[in-house]
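Peer 1: Just passing along the structure, written as structure tokens.
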Amino acid sequence: MIFLSLPFFVKFCMITHMAIDWTKIFKQYKGLWVALKDDEKTVIASGKTAKEAWEKALSRGYKKPILTRMPDELVTYVGFGL
């Protein structure tokens with residue numbers, strides 16, 4: 001078992017697990033599927049369906065884009081549901 005010092009672990013978590021701000025992407029692509037680069041910030045393609053976004057990204061030379069759908073509206077959610 002490998003033990004990491006607490007300062008290293010905290011620094012590692014802060015660097016590798018930072019939240020990504022998709023506010024600008026959301027504003028431009030509301031309700032659409034988007035294909036993103038590995039950086040999870042750069043939009044490669046978009047479409048009304050996941051298949052459409054995927055095929056556009058493939059045609060632009062990206063073999064494994066990250067697909068996600070931007071919601072129609074942002075809804076605040078706090079807590080968890082049962």
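Peer 1: Of all residues in segment 39-53, count the ones that are touching a strand residue (DSSP E or B) at 6+ places or on another chain (Cβ under 7 Å) and modelled with pLDDT under 95.
Peer 2: The qualifying residues number 1.
Peer 1: Select from segment 38-76 the residues that are of a type in the set (A, V, I, L, M, F, W, C) and under 21 Å from Lys27 (Cβ atoms) and list them in ascending order.
Peer 2: Val43, Ile44, Ala45, Ala50, Ala53, Ala57, Ile66, Leu67, Met70, Leu74, Val75
Peer 1: Right, another one. Out of everything in segment 48-72 that is among the charged types (D, E, K, R) and within 13 Å of Leu32 (Cβ to Cβ), what residue ends up being surrounded by the most Cβ atoms within 10 Å (Cβ to Cβ)?
Peer 2: Checking each candidate, the answer is Lys56.
Peer 1: Can you tell me which residue in segment 73-82 is surrounded by the fewest Cβ atoms within 10 Å (Cβ to Cβ), limited to those that are closer than 18 Å to Thr23 by Cα and among the β-branched types (Val, Ile, Thr)?
Peer 2: So the residue we want is Thr76.
The values are calculated or read from the model by the stated rules, or taken from the named source; none is laboratory data. Since we're looking at a predicted model, the values are computed, not measured. No Cβ is skipped: glycine too gets one built from the backbone with ideal geometry, and neighbour counts run over all protein chains shown.
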